[in-house]
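Colleague: Below is a structure I'd like to ask you about.
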Amino acid sequence: MGDGGGTRWSRGVQRGAPGSRTTRLELFYDLVFVFAFLNVTSLTSSTPTPVNLFRCLLVLALLWWCWTGFAGMATLVRADRGVLPVVGFTTVAATFLLALTMPGAFVDRPGGLNGPLVFAGCYLLVRAAQLAIVGWLARSDPVERRRWLLQAALPVVASALLIAAGVVPSRIDGRPVAIAVQLGFWTLALAIEFGVGTGVGGSYWRVVSAGHWAERHALMILVALGESIIALGIGPKFISELPLTGPVVVAAVLGITVVAALLVGVLRHRYLSLSVS
């Protein structure tokens, strides 16, 4: 795949290289994704029902797909050079709005903008920002360009399905049927993105620097685990409301133990990945 532009190429988009490292700017981007992930946790605990759990798993899968594509793109190009910071800030702004609209992603709440429409629009914007860079990289390669055209259609179809999931169920008589139709639309959207997207991704899923990818993934998990510790202390109000009893101490220690065990696993995975690269 040719550069297709020499000097002009480096002004707009600069290729990534083997051995590159995660930048501070990328870590800032990941903070917004972590906020979105924690919002999913809050929504899960707010209504502990099987339907709500499945909805939150669908949202989590959609967010992970967005972050994976965003992080993978950063191994193909330099995230801190040229126009990439603009793409990054657009992505995190749309992701932040997407996280704020999560409570209304399935059913529109009274007042304000339409929740499902805003959620679907933010998702489409996140994916479009990523695919715009991939399309720029593939413009000089006919094979990769055809792959990109097919890939670019996937988030459009998925967003349309998300909009349908927010609009169609309200017109169906019978709550169980409406919920089944809604979950079906969401599941189909994810199946298209994950199934077809990985099949036709081509160079989009090629990792230029394994060390960069491993470090980015490890830092993402590390930040998420750190936020989990904060949520563990603030969420149940250990400090302000609960007395320091035996069960509270056990719960707090077990929570920290689980986080520490996950952290050890992440650091070990990063060490092995960096050793291989």
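The values are calculated or read from the model by the stated rules, or taken from the named source; none is laboratory data. Bear in mind that the values here come from a model prediction, so they are computed numbers and not experimental data. A quick note on method: Cβ atoms are made from the backbone with ideal geometry, for glycine too, and the neighbour counts reach across all protein chains shown.
Colleague: Give the residue that is surrounded by the fewest Cβ atoms within 10 Å (Cβ to Cβ), with candidates limited to residues of the range 133-157 that are hydrophobic (A, V, I, L, M, F, W, C) and at pLDDT 90 or above.
Modeller: Keep residues of the range 133-157 that are hydrophobic (A, V, I, L, M, F, W, C), which gives 133-134, 136-138, 143, 148-150, 152-154, 156-157.
Going one step further and asking which of them are at pLDDT 90 or above, we end up with 153-154, 156-157.
Working: Ala153: 14, Leu154: 20, Val156: 12, Val157: 14.
Checking each candidate, the answer is Val156.
Colleague: Does at least one position in the range 46-53 carry a residue that is surrounded by fewer than 17 Cβ atoms within 10 Å (Cβ to Cβ), hydrophobic (A, V, I, L, M, F, W, C) and within 12 Å of the chain's Cα centre (by Cα)? Break it down into steps so the answer makes sense when it comes.
Modeller: The initial filter retains those residues of the range 46-53 that are surrounded by fewer than 17 Cβ atoms within 10 Å (Cβ to Cβ), namely 46-53.
With the extra rule that they be hydrophobic (A, V, I, L, M, F, W, C), the set shrinks to 51, 53.
Now drop any that are not within 12 Å of the chain's Cα centre (by Cα), which leaves none.
No - not one qualifying residue is present in the range 46-53.
Colleague: Quick test for you: out of Gly111, Gly82, Gly69, pick the one residue that is closer than 22 Å to Val156 by Cβ and at pLDDT below 90.
Modeller: Working: Gly111 fails: closer than 22 Å to Val156 by Cβ; Gly82 fails: closer than 22 Å to Val156 by Cβ.
So the residue among Gly111, Gly82, Gly69 that is closer than 22 Å to Val156 by Cβ and at pLDDT below 90 is Gly69.
Colleague: Report, ordered by the first and then the second residue, all pairs with beta carbons closer than 7 Å, sequence separation of six or more or different chains, a first member in the range 81-104 that is part of a loop (DSSP other than H, G, I, E, B), and a second member that is crowded, with 16+ Cβ neighbours inside 10 Å.
Modeller: If the second residue must be crowded, with 16+ Cβ neighbours inside 10 Å, the pairs left are Arg81/Gln14; Gly82/Val13; Gly82/Gln14; Val83/Val13; Thr101/Gly115; Thr101/Val118; Thr101/Phe119; Thr101/Cys122.
Colleague: Which of (1) touching a Leu at 6+ places or on another chain (Cβ under 7 Å); (2) under 20 Å from Ala158 (Cβ atoms); (3) buried (at least 17 other Cβ atoms within 10 Å of the Cβ) is the odd one out, the single condition Gly88 does not satisfy?
Modeller: That leaves (2) as the condition not met.
Colleague: Here is a further query. Out of all the residues in the range 132-141, which are touching a residue at least 60 places away in the same chain (Cβ under 8 Å) and either hydrophobic (A, V, I, L, M, F, W, C) or under 15 Å from Ile163 (Cβ atoms) (or both)?
Modeller: If we filter the range 132-141 for residues that are touching a residue at least 60 places away in the same chain (Cβ under 8 Å), which is where we start, we get 133-134, 136-141.
Matches in the range 132-141: Ile133, Val134, Trp136, Leu137, Ala138.
Colleague: Now, a different point. Which of the residues that make up the range 8-63 are of a type in the set (S, T, N, Q) and at pLDDT 90 or above?
Modeller: First, pick out the residues of the range 8-63 that are of a type in the set (S, T, N, Q): 10, 14, 20, 22-23, 39, 41-42, 44-47, 49, 52.
Selection gives Asn52 alone.
Colleague: Still on this structure, please answer the following. Confirm whether Val59 is surrounded by 17 or more Cβ atoms within 10 Å (Cβ to Cβ) and assigned to a helix (DSSP H, G or I). So that I can check it myself, show each step before the final result.
Modeller: Numbers: surrounded by 17 or more Cβ atoms within 10 Å (Cβ to Cβ): yes; assigned to a helix (DSSP H, G or I): yes.
Criteria met by Val59.
Colleague: While we're on this one: For the range 84-119, what are the residues that are over 23 Å from Leu131 (Cβ atoms) and more than 15 Å from the chain's Cα centre (by Cα)?
Modeller: Pro103, Gly104, Phe106, Val107, Asp108, Arg109, Pro110, Gly111, Gly112, Leu113, Asn114, Gly115
Colleague: How many of the residues making up the range 86-117 are among the hydrophobic types (A, V, I, L, M, F, W, C) and within 18 Å of Leu43 (Cα to Cα)? Full working, then the answer.
Modeller: Taking the range 86-117 first, the residues among the hydrophobic types (A, V, I, L, M, F, W, C) are 86-87, 89, 92-94, 96-100, 102, 105-107, 113, 117.
Still in the running and within 18 Å of Leu43 (Cα to Cα): 96-100, 102, 105-107.
Total meeting the criteria: 9.
Colleague: Next question, about the same structure. List the residue pairs whose Cβ atoms are under 7 Å apart, where the first residue sits in the range 23-34 and is among the hydroxyl-bearing types (Ser, Thr, Tyr), the second is at pLDDT below 85, and the two are 6 or more positions apart or on different chains.
Modeller: Pairs that qualify, where the first residue is among the hydroxyl-bearing types (Ser, Thr, Tyr) and the partner is at pLDDT below 85, are Thr23/Ala79; Thr23/Asp80.
Colleague: Of the residues Ala165, Ala189, Ala160, Ala180, which is over 21 Å from Cys56 (Cβ atoms) and at pLDDT 90 or above? Before you say what the answer is, go through the steps one by one.
Modeller: Details: Ala165 fails: over 21 Å from Cys56 (Cβ atoms); Ala189 fails: over 21 Å from Cys56 (Cβ atoms); Ala180 fails: over 21 Å from Cys56 (Cβ atoms).
Answer to the selection: Ala160.
Colleague: Can you name the condition, by its number, that Pro103 falls short on among (1) crowded, with 19+ Cβ neighbours inside 10 Å; (2) closer than 17 Å to Leu63 by Cβ?
Modeller: (1)
Colleague: Now for a separate question. So the check is Cβ under 7 Å with 6+ separation or different chains; which pairs have a first residue in the range 41-68 that's within 24 Å of Glu215 (Cβ to Cβ) and a second one that's of a type in the set (D, E, K, R)?
Modeller: Trp65/Glu193; Cys66/Arg127
Colleague: Determine if the range 132-151 includes at least one residue that is within 18 Å of Val59 (Cβ to Cβ), part of a helix (DSSP H, G or I) and not charged (D, E, K, R). Step through it out loud before you land on a result.
Modeller: As a first pass, look at the range 132-151 and keep what is within 18 Å of Val59 (Cβ to Cβ): none.
The answer is no, given that none of the residues of the range 132-151 is within 18 Å of Val59 (Cβ to Cβ), part of a helix (DSSP H, G or I) and not charged (D, E, K, R).
Colleague: So, one more: Within the range 114-124, identify whether any single residue is touching a residue at least 60 places away in the same chain (Cβ under 8 Å) and either assigned to a helix (DSSP H, G or I) or farther than 20 Å from Thr90 by Cα (or both), and answer yes or no. Walk me through it before giving the result.
Modeller: First, pick out the residues of the range 114-124 that are touching a residue at least 60 places away in the same chain (Cβ under 8 Å): 123.
Restricting the remaining residues to those that are either assigned to a helix (DSSP H, G or I) or farther than 20 Å from Thr90 by Cα (or both) gives 123.
Yes.
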